[in-house]
Structure formats: C-alpha cells, structure tokens
1. Consider region 5-17. How many of its residues are open to solvent by less than 60 Å² (accessible area, probe 1.4 Å) and part of a helix (DSSP H, G or I)?
2. Is there a residue being in a strand (DSSP E or B) and of a type outside the set (D, E, K, R) anywhere in region 18-37?
3. Suppose we filter region 91-105 for residues that are among the hydrophobic types (A, V, I, L, M, F, W, C) and open to solvent by 70 Å² or more (accessible area, probe 1.4 Å); how many remain?
4. Give the number of residues within region 33-57 that are surrounded by 11 or more Cβ atoms within 10 Å (Cβ to Cβ) and not small (Gly, Ala, Ser).
5. Going by the conditions given, is Val53 β-branched (Val, Ile, Thr), in contact with a Lys or Arg (Cβ under 8 Å, 6 or more places away or on another chain), modelled with pLDDT of 95 or more and not in a helix (DSSP H, G or I)?
6. Out of all the residues in region 13-51, which are out of contact with any Leu (no Cβ under 9 Å at 6 or more places or on another chain) and within 24 Å of Pro62 (Cα to Cα)?
7. Would you point out which residue out of Asp71, Asp34, Asp60 is touching a Lys or Arg at 6+ places or on another chain (Cβ under 7 Å) and of a type in the set (D, E, K, R)?
8. Find the residue count for region 18-31, including only residues that are open to solvent by less than 80 Å² (accessible area, probe 1.4 Å) and either farther than 30 Å from Arg95 by Cα or among the hydroxyl-bearing types (Ser, Thr, Tyr) (or both).
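The values are calculated or read from the model by the stated rules, or taken from the named source; none is laboratory data. For clarity, every value in this text was computed on a predicted model and none was experimentally measured. Cβ coordinates were reconstructed from backbone atoms using ideal geometry, including for glycine residues, and neighbour counts include every protein chain displayed. Each accessible area value is taken on the protein alone, full model and side chains, heavy atoms only, with ligands, DNA and RNA left out. Shrake-Rupley method; radii C 1.70, N 1.55, O 1.52, S 1.80 Å.
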Amino acid sequence: MLQLQRRWSGEGQRVPMLCRREFHGFNPFAGREDDPAELEVIVAAHNTDLCIVGLVGIVDPPRKEIPSVVDICRRAGIRVFMVTGDFALTAAAMRTYLNGLLARIAW
C-alpha cells in the first residue's frame, strides 16, 4: 500500500487512506450530532484500532488561471512561491507540473 501511495503522490494526486472501526453494542456518537466540540473529543478518543479499507487517489489540478496570474504578478515585480500542506511527493509533482506550464510564458 505504501508503494501505491508513493506512486500516486508522485503523480500529483492527494492520497487519503480510508479506515473503519466497528462498535459492538454501542454508538459513542449517538445523540451528540449537534455538538461539534464534543464530537471532536469522541472521535479523537475512538480513533484507534482502525481497519484499513483502502486508498483513494484524488486528482486536483491547479486552476487554469495560474499561468496568467503568475505572469501578471511577475511582470509587477512580485516574487511567486508555492506554499502547500500536501505530502512532499505530491507537492514535488505539482511543482514540476506548474514549472512546465509556467515555462510557456515569456518573461
């Protein structure tokens, strides 16, 4: 699974892992649906003993406006940086993809 996650991330995909946990005889969330703070505490307390169901690869390409926006910014003297919270391999793949798009712009 780690190999698949790395491959998909290297292709620029976001790769969340899907997990599940069964509760036998009780539902710790019942009656607490309207209290987000309490739900967060309950989820954190029960976020153990999870069974991995699988991985999902999500393609989230950059917006088509990015090259023109970067061009306008650079012509205005603004330095442009990519900031992301993505997994390092996903971020590196997106950087490579964006560099290819941006290379088409004449500076």
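1. 4
2. Checked against the condition, which is being in a strand (DSSP E or B) and of a type outside the set (D, E, K, R), region 18-37 yields at least one hit.
3. Going through region 91-105 one residue at a time, the tally reaches 1.
4. Matching residues across region 33-57 total 10.
5. yes
6. Gln13, Arg14
7. Just a single option satisfies the conditions, and that option is Asp60.
8. Qualifying residue count for the region: 6.
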